Protein chains: 4
Amino acid sequence: MNVQGLAFGNWTSFSEIIYFFKFFGEFLMHTSQSQQTKSSATSSSMQSCIDNCIRCAQVCLQTAMNHCLEMGGKHVEPEHFRLMMNCAEICQLSANFMLSSSRFHNRTCEVCAEICDACAMDCGRIGNMEECASTCRECADSCKQMASMVTH
Amino acid sequence: MNVQGLAFGNWTSFSEIIYFFKFFGEFLMHTSQSQQTKSSATSSSMQSCIDNCIRCAQVCLQTAMNHCLEMGGKHVEPEHFRLMMNCAEICQLSANFMLSSSRFHNRTCEVCAEICDACAMDCGRIGNMEECASTCRECADSCKQMASMVTH
Amino acid sequence: MNVQGLAFGNWTSFSEIIYFFKFFGEFLMHTSQSQQTKSSATSSSMQSCIDNCIRCAQVCLQTAMNHCLEMGGKHVEPEHFRLMMNCAEICQLSANFMLSSSRFHNRTCEVCAEICDACAMDCGRIGNMEECASTCRECADSCKQMASMVTH
Amino acid sequence: MNVQGLAFGNWTSFSEIIYFFKFFGEFLMHTSQSQQTKSSATSSSMQSCIDNCIRCAQVCLQTAMNHCLEMGGKHVEPEHFRLMMNCAEICQLSANFMLSSSRFHNRTCEVCAEICDACAMDCGRIGNMEECASTCRECADSCKQMASMVTH
């Protein structure tokens, strides 16, 4: 039995092999990182909140300035468009407050969570905005967790 | 008795005359504007809050990046310098939220007031930061008023 | 002849008196300031560029997020709306660079002038945007002047 | 010869295995993506420039507001600290211009590349700033490439 047969014999396409290496590699990376940082639970969840905020800021800005403007109609209703831009701006500020170790980051994360929730809900109302809605919801969850932590 | 005697006789310097015209003029402007906009109290106080936020953002950024960096010592202590930069950023965001008629401006103004108060207090602790401290206090007052208004 | 006669006798309305005090006061302030800062022509023109940039950032953001979104139609064409938001953002950054004494402010002012010119022209094409167009033109002129100065 | 022997027999540590999977996986992903997007070279290099700009904005802000403020001394020299903050701000703006499909993104990327190069050089002068310096250099290279592209 050769190596190819053992490892890849039952797989049906090249892309499945790619994903095997990609995700198995990431799983090992993750396991290894978790061991190194077991003691700094706060900064690990903060890093994840920073990542969520930065991603949400990007998705909201990019979606508003491309998808929404190009679709027109209800996508450029004042209420909806303002929420998208507000959401992008508060997410960026919340990320910046965490990156600069501000002792007020839990206060900005609290407001950020509210606006992300409102934006996710409005994306649902408008329709055809699934990616933006789910990104906002993830960011809101992450920010709520950060807002409820006691700062030191 | 000539006009000069009547109006300026007891004044000791040219700059006092300047300030008389400047402030009396502004007082009359203010009185006149108040009458015109009696019915739109919200937008008049919002415009004043926008002005205070923009001024505070400018003063904090300019003071941090010039006075504080050039003085060094306790002026660049992490806690103090972060507060100055955080204050500049939240003031700018609060102004932007009001300028874009965001329905969340009262929430951002609430957090802005807290950070401005903290920054004013820290400027007092550091010393030699009177202009920045008073600008922050004015902005905090203006933001508290805005935060407590019912949005429509 | 009484004082009222001397000062206000020939004036026809209360608002003219207001403007007399307002503008005469500002004229004196300006004259007095010019004398104090004769030697710092750069910082005086820089302060005026900062003011123009901050005003242009405000007008573009406020106009886009209110007038343009509420009018709809060609006011929310992607090309036009993007220019308005880009203009607001580069003006804010250029003001921040000058406020923080960045040695790169002439480079950002150069790009700012280009975008302000493009935005002013596009406001003319769309129509009913005179205030925004003239604010952009003023800011562009001010930035061109700043961009051409030799930094030290 | 068993599979373990074949694949991992000569490797000395667990972390080498992790990196094998991680990088081989990414190599395959990359190869596969290149084939899919052969026709959209511009948007692929733009996405990479956006990522570099956002990463550089984060690293500069986080390093300035933590490492530099905490180290003090030459790390808070006005010239150095201003460059760090300017770099963070222009990188964020350049990313935002690309995310919003601005036709001026090549102009802002050009200025961004200059400031990133200056920041990388200054990090070298200050010392103990290797991560920031290399992030700035990567971003500068990416922005130069973007600045030289013809926009359509």
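Brief remarks on what is shown
- Residues of the stretch C:92-107 that are open to solvent by 10 Å² or more (accessible area, probe 1.4 Å) and either part of a helix (DSSP H, G or I) or over 16 Å from C:M149 (Cα atoms) (or both): C:Q92, C:N96, C:H105, C:N106, C:R107.
- Among residues that are touching a Leu at 6+ places or on another chain (Cβ under 7 Å) and among the small types (G, A, S), B:A118 is included.
- Candidates D:E89, D:E77, D:E130, D:E110: the one that is open to solvent by 10 Å² or more (accessible area, probe 1.4 Å), within 14 Å of chain A (Cβ to nearest Cβ) and of a type in the set (D, E) is D:E89.
- One residue stands out in the stretch A:133-152 among those that are surrounded by fewer than 17 Cβ atoms within 10 Å (Cβ to Cβ) and within 20 Å of B:N86 (Cβ to Cβ): the one that is modelled with the lowest pLDDT, namely A:H152.
- Restricted to the stretch D:1-90, the set of helices (runs of 4 or more DSSP H) holding at least 2 residues that are in contact with an Asp or Glu (Cβ under 9 Å, 6 or more places away or on another chain) and at pLDDT below 50 comprises D:14-36.
- For the stretch D:41-74, filtering for residues that are of a type in the set (D, E) and either farther than 18 Å from B:H80 by Cα or open to solvent by less than 20 Å² (accessible area, probe 1.4 Å) (or both) leaves 1.
- Flag if B:T108 is within 25 Å of C:R55 (Cβ to Cβ), under 14 Å from the mean Cα position of the chain (by Cα) and β-branched (V, I, T): no
The values are calculated or read from the model by the stated rules, or taken from the named source; none is laboratory data. If you're wondering where the values come from, they're calculated on a predicted model, not measured in any experiment. Don't worry about glycine lacking a Cβ; one is built from the backbone with ideal geometry, like all the others, and counts go over all protein chains shown. Calculation scope for accessible area: heavy atoms of the full protein, side chains included, ligands and nucleic acids excluded. Shrake-Rupley method; radii C 1.70, N 1.55, O 1.52, S 1.80 Å.
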